[in-house]
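Participant: Take this structure first; my questions come after.
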Amino acid sequence: MIDLIETIFDTTIRAGTPILFGTLGAIICERSGVINLGVEGLMLIGALAGFAVTSMTGSFTAGVLAAIFFTMIAGMLHALITVYLKGNQIVSGLALAMLGVGVSALFGRSFVGKGLDGLSRIEIPLLSKIPIFGAMFRQDILVYLSVILVVLIALFFSRTRWGLYLRTVGENPGAADTSGIPVTRYRFWAVALGAGISGIGGAYMSLAYTPFWVENMTAGRGWIAVSLVIFSMWSAPRALFGAYLFGGINAAQLQLQAHGTSVSPYLLTMLPYLFTIGVLIWSTRRLEKGASNEPASLGLPYDREDRK
Amino acid sequence: MKLLIQKRQSQSALFNLMTPLLCLVLALIVVALFLVMAGVNPFAAYRDVGIEALGSAYGLSETLVQATPLIFTGLGVMLAFRMQLWNIGAEGQLYMGALGATWVALFSGITSTWLMIPMMMIMAMILGGIWAAIAGALKARYRVNEVIITLLLNYIAAGIVKYLVYGGWRDPKGYGFPQTADFPPNAILSTYFDTRLHSGFWISLVLAAILWVFTEKTVWGYELRVIGNNPRAAQYAGMNIQSKTIFVMFLSGALAALAGFAQVSGVVTRLQDNISPGYGFTAVIVAWLARRSAAGVVIVSFFFGIVYVGGDALKITYKLPESFINVFQGMLLFFLLASEYFVNHRITLVREPKTPVAV
């Protein structure tokens, strides 16, 4: 029994981690006032770049760096359109999602069917011996990195000047501009950096969670990450909670499949999406009741000339 | 020297017409670069696309076959757009429509030839309409973001269809393929000559005409636009935004669902899990490019019909993945978004005076 619970807990963390990276990236982006619906495409680019470079060089570090690099380039495209050219953020995000799907499929052709050993796990002495919760301390480096990022991002927004400036840019770009904060530059780099972090989520998919490359392998996780931003109320620690909640649903569903229930696997795979819809409704209702933490200028391009 | 960026007071008609074409050319150039990187000769590839999609009567008919589901889904997305509602779930509504049409064709017990096709269409519209109205109701009632809801519903709709064609609806005589039995002859749309072009194409054109009249010439269509452009003014004028949101999303989904009906009844003649290569997503670009006009949807759909036929040709000749056309679609959208800035702004290079001018 303990073994089963530990397995579920372990899968929860591993299934939740790609979503966590995706959500963290989207939070940084949205905090600056820019919606990024392209997370799905970014994660696919990250997954392919990570897998391709790791299988060519044999270095996981190089793979993850490549994932960050290429997703940041793709993110800059979104930033250029939405921040500098004031284009529609929803349409640009969709374009990014499409581009990611297409580009990764095109360049991933020669990597289909190839395998990889997968990131090895690092056991933290003593802590990993705790029953059940020990599973948290027998993970690979990217899982630890995701948790460290949660802390860093939370500190960044609450304790640093840059974080405060970035929040101001998302809340009231006019006021930020007046007080000398370079609004467009902040937004541009927030979008690019956020994209890079989302990209690590893709790399985690192809380097650790399921260490191979297959077209469209993120299967909607990018969209789930975007929904969890609202659930997490733009806060990194709550994103961790949301992502692991999703991971838990996924783990339970996988366990049910493995133990041969009579329920069709096609119905079980729908569970995470249903769950996300439920979570989105619940968290939007909370927002509407005044608990709102939403950046006030989210989705609005900033043009100095239009300032009131 | 310095760049001076000013808002244009007015835009010339020629400029408005030329920019989409320029964007198209730029997107083709970027995609050509991607093709080179993937080891494909872009000139040969583009020539193949042209020949395949437009070079013969059959090719042209294939272009119309691909344009048909795009017109249905494009009209659906466009209608929601007019009220500033984002329906990114046309793909899922298409699948729900296909499911409804299939249920009527195979399991309803209808035998009448006259009743069969209309009932299939109605059932498709009801299911697809409800699918989209879920997002509409959540938006109207709780202000839940309709972009994400419609998107997530795509995955659930595809899951339901998979569940059925791998499970209870699978053809027992189908050698285990995940597909239903063939439709009876009275549930299949007629095709013309030796092509795959089916009467669903005419249905899509008639619907586009009806929608054009409704959106451009009636009070109802005018109200949609007012709500979209200025919801507050609409509320003061006594328009019921909530019920209209739900109703318009229902219609939007019902239109998109007809694409699913047309696919199963006109092209595939049964239900399987891959009846759409992403028409519902392309529909968003179609509606965006058509500038929210029903007539525009038809024209743009024809263009994307060429893209789809071309994509198929490249898939076969060069072993390119099916989702390759997403690269083109994404790039085209990026260029179109960027071009709007240059349509609305005049950018000139000015020489700064050598001596500072006293103010």
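Participant: Can you compute the charge dipole magnitude of the protein assembly as shown about its Cα centre, using +1 on each Lys and Arg Cβ and -1 on each Asp and Glu Cβ, nothing else charged? Give it in debye, rounded to the nearest 20.
Facilitator: On the way: 45 positive and 31 negative charges, 355 e Å.
Roughly 1700 debye, rounded to the nearest 20.
Participant: A further question follows. What's the average, rounded to a whole number, of partner chain beta-carbon atoms within 10 Å of each residue's beta-carbon in A:82-89? Show your work: numbers first, answer last.
Facilitator: Numbers: counts 1, 0, 2, 9, 5, 8, 5, 1.
That average works out to 4.
Participant: How high is the relative contact order of the range A:2-306, given as a whole-number percent (alpha carbon pairs under 8 Å, six or more residues apart)?
Facilitator: Details: 563 pairs, mean separation 115.3, N = 305.
Normalised by residue count, the contact order of the range A:2-306 is 38 percent.
Participant: Further question on the same structure: Can you give the calculated 222 nm mean residue ellipticity of chain A, where each DSSP H run of n ≥ 4 adds -39,500 (n - 2.57) and the sum is split over every residue, rounded to the nearest 500 deg cm²/dmol? All intermediate terms of the calculation are to be shown ahead of the outcome.
Facilitator: On the way: 12 runs with 200 residues, N = 308.
Result for chain A: -21500 deg cm²/dmol, rounded to the nearest 500.
Participant: When the Karplus curve 6.51 cos²θ - 1.76 cosθ + 1.60 is applied with θ = phi - 60°, which whole-Hz ³J(HN,Hα) does each residue of the range B:330-339 get, with x for Gly and Pro?
Facilitator: x, 5, 4, 4, 4, 5, 5, 5, 5, 5
Participant: Next question, about the same structure. Using 1/(1 + (r/R0)^6) with R0 = 51 angstrom and r between the beta carbons of residue B:108 and residue B:12, what's the FRET efficiency to the nearest 0.05? Intermediate results must be reported in sequence, preceding the final value.
Facilitator: On the way: r = 56 Å, r/R0 = 1.09.
That pair, residue B:108 with residue B:12, gives E of 0.35.
Participant: Here is a further query. Between residue B:202 and residue A:132, how high is the FRET efficiency from 1/(1 + (r/R0)^6) when r is the Cβ-Cβ distance and R₀ = 60 Å? Nearest 0.05.
Facilitator: Working: r = 64 Å, r/R0 = 1.06.
Calculated transfer efficiency: 0.40.
Participant: Okay, moving on. Using amide H atoms built 1.01 Å from N in the peptide plane, name the residues 5+ places from residue A:121, or on other chains, whose amide H lies under 5 Å from its own.
Facilitator: For residue A:121, whose amide H was placed from the backbone, there are no distant partners under 5 Å.
Participant: Would you please classify the overall shape of chain B from the alpha carbon gyration tensor, given that a ≥ b ≥ c denote the square roots of the eigenvalues, rounded means a/c under 1.5, and beyond that prolate means a/b larger than b/c while oblate covers the rest?
Facilitator: Working: a/c = 2.21, a/b = 1.38, b/c = 1.60.
Taking the square roots of the gyration eigenvalues as a ≥ b ≥ c, chain B is oblate.
Participant: Separation between the residue B:5 and residue B:122 pseudo-spin-labels, each 7 Å from Cα along Cα→Cβ, expressed in nm?
Facilitator: That separation, rounded to one decimal, is 5.6 nm.
Participant: Distance from the Cα centre of the range A:196-263 to that of the range A:178-195, in angstrom?
Facilitator: Cα centroid to Cα centroid, the span is 28 Å.
Participant: Let's test the formula: R0 of 41 Å, r as the Cβ-Cβ distance of residue A:56 and residue A:306. What FRET efficiency results, to the nearest 0.05? Don't skip to the end; give the middle numbers.
Facilitator: Details: r = 48 Å, r/R0 = 1.16.
In this case the efficiency is close to 0.30.
Participant: Using only the alpha-carbon atoms, how far is helix B:13-37 inclined from the longest principal axis of chain B? Give it as 0 to 90 degrees, nearest 10.
Facilitator: Its long axis makes an angle of about 70 degrees.
Participant: For the charge dipole of chain B, defined by +1 on Lys and Arg C-beta atoms and -1 on Asp and Glu C-beta atoms about the Cα centroid, which residue among B:184, B:299, B:78 has the Cα displaced farthest towards the positive pole?
Facilitator: Positive-end residue among those listed: B:78.
Participant: Among B:333-343, B:37-47, how do they line up from the highest to the lowest mean number of other beta-carbon atoms within 10 Å? Don't skip to the answer; put the middle values down first.
Facilitator: Working: B:333-343: 19.9, B:37-47: 14.1.
Ranking, from highest mean packing down: B:333-343, B:37-47.
Participant: Using DSSP to call loops (not H, G, I, E or B), can you name the trypsin sites (Lys or Arg not before Pro) in the range A:60-138 whose Cβ has at most 15 other Cβ atoms within 10 angstrom? Show your work: numbers first, answer last.
Facilitator: Details: sites: A:86, A:109, A:114, A:121, A:129, A:138; in loops: A:86, A:114, A:138.
Those satisfying the criteria are A:114.
Participant: Taking the range B:173-233, which chymotrypsin sites (Phe, Trp or Tyr not before Pro) meet the DSSP loop condition and have no more than 10 other C-beta atoms within 10 Å? Kindly include the intermediate steps, with their values, before the conclusion.
Facilitator: Details: sites: B:175, B:192, B:193, B:201, B:202, B:212, B:214, B:220, B:222; in loops: B:175, B:192, B:193.
Here the sparse-neighbourhood loop sites are B:175, B:193.
Participant: Let me ask something else. Run the simple label-point estimate for residue B:194 and residue A:241 please: 7 Å along Cα→C-beta, distance reported in nm.
Facilitator: Going by the 7 Å Cα→Cβ label model, 6.7 nm.
Participant: For each of B:58, B:236, count neighbouring Cβ atoms within 10 Å of the residue's Cβ, then give the residues from fewest to most. All intermediate terms of the calculation are to be shown ahead of the outcome.
Facilitator: On the way: B:58 14, B:236 9.
By the 10 Å Cβ count, ascending, the order reads B:236, B:58.
Participant: Take residue A:289, project a point 7 Å from its Cα along the Cβ direction, then tell me which residues of the range B:127-149 have their backbone nitrogen under 16 Å from it.
Facilitator: B:142-144
Participant: In percent, how large is the relative contact order of the range A:76-232, given Cα pairs closer than 8 Å and 6 or more residues apart? Mind showing how you got there, number by number?
Facilitator: Values: 109 pairs, mean separation 52.1, N = 157.
Value for the range A:76-232: 33 percent.
Participant: A follow-up question, please. If you place +1 on the Cβ of every Lys and Arg and -1 on the Cβ of every Asp and Glu, how big does the dipole about the Cα centre of the range B:209-353 come out, in debye to the nearest 20? Write out the running numbers ahead of the final one.
Facilitator: Details: 11 positive and 7 negative charges, 47 e Å.
It works out to roughly 220 debye.
Participant: Under unit Cβ charges (Lys, Arg +1; Asp, Glu -1), what dipole magnitude, rounded to 20 debye, does chain A have relative to its Cα centre?
Facilitator: Working: 21 positive and 16 negative charges, 106 e Å.
It works out to roughly 520 debye.
Participant: Once amide H atoms are built 1.01 Å from N in the peptide plane, which residues 5 or more positions from residue B:345, or in another chain, come under 5 Å H to H?
Facilitator: B:8
Participant: Here is a further query. Rank B:275, A:181, A:206 by how far each Cα sits towards the positive end of the charge dipole of the protein assembly as shown (+1 on Lys, Arg Cβ; -1 on Asp, Glu Cβ) and give me just the farthest.
Facilitator: A:181
Participant: Give me B:318, B:95, A:186, B:279 ranked fewest to most by other Cβ atoms within 10 Å of their Cβ, as a rough exposure proxy. Present the calculation step by step, with values, prior to reporting the outcome.
Facilitator: Values: B:318 16, B:95 33, A:186 23, B:279 28.
By the 10 Å Cβ count, ascending: B:318, A:186, B:279, B:95.
Participant: Related question: Where does chain B land at 222 nm, in deg cm²/dmol rounded to the nearest 500, when only DSSP H runs of n ≥ 4 count, each adding -39500 (n - 2.57), divided by all residues? Don't skip to the end; give the middle numbers.
Facilitator: Values: 13 runs with 246 residues, N = 359.
Helix-only estimate at 222 nm: -23500 deg cm²/dmol.
Participant: Could you work out how far apart the two model spin labels at residue B:186 and residue B:22 are, taking each label as a point 7 Å from the Cα in the direction of the beta carbon, and quote it in nm?
Facilitator: 5.8
Participant: So how tilted is helix B:57-82 from the main axis of chain B? Cα-based, degrees 0 to 90, rounded to 10.
Facilitator: For helix B:57-82, the angle is close to 70 degrees.
Participant: Moving on to the next point. Taking only C-alpha pairs under 8 Å that are 6+ residues apart, what is the relative contact order of chain B in percent? Each step should come with its number before you reach the end.
Facilitator: Values: 609 pairs, mean separation 128.6, N = 359.
After rounding, I find 36 percent.
Participant: Partner chain Cβ atoms within 10 Å, averaged over the residues of A:262-269 - can you pull that number for me?
Facilitator: Values: counts 0, 1, 7, 4, 11, 6, 2, 6.
Shielding by partners across A:262-269 averages 5.
Participant: Oh, and also: Let me confirm one metric for peptide A:279-288, namely the mean number of other chain beta-carbon atoms within 10 Å of its residues' beta-carbons. If you can, show how the numbers build up before the last one.
Facilitator: Details: counts 0, 7, 5, 2, 1, 8, 4, 0, 3, 3.
Taking all residues of A:279-288 together, the mean is 3.
Participant: Where a ≥ b ≥ c are the square roots of the eigenvalues of the C-alpha gyration tensor, would you call the protein assembly as shown rounded, which needs a/c under 1.5, or, failing that, prolate if a/b is larger than b/c, or oblate? Mind showing how you got there, number by number?
Facilitator: Numbers: a/c = 1.44, a/b = 1.10, b/c = 1.32.
Rounded is the answer for the protein assembly as shown, as its axis ratio a/c remains below 1.5.
Participant: Provide B:2, B:244 in ascending order of the number of other Cβ atoms located within 10 Å of each residue's Cβ, fewest first. All intermediate terms of the calculation are to be shown ahead of the outcome.
Facilitator: On the way: B:2 8, B:244 19.
Taking fewest neighbouring Cβ atoms as first place, the list is B:2, B:244.
Participant: How far is helix B:241-262 tilted off the main Cα axis of chain B, in degrees rounded to 10, range 0 to 90?
Facilitator: Value to nearest ten degrees: 60.
Values in this text are rule-based calculations from the coordinates and carry no lab data. Since the model is a prediction, treat every value here as computed from it, not as a measurement. Reconstructed Cβ throughout: ideal geometry from the backbone, glycine too, with neighbour counts over all protein chains shown.
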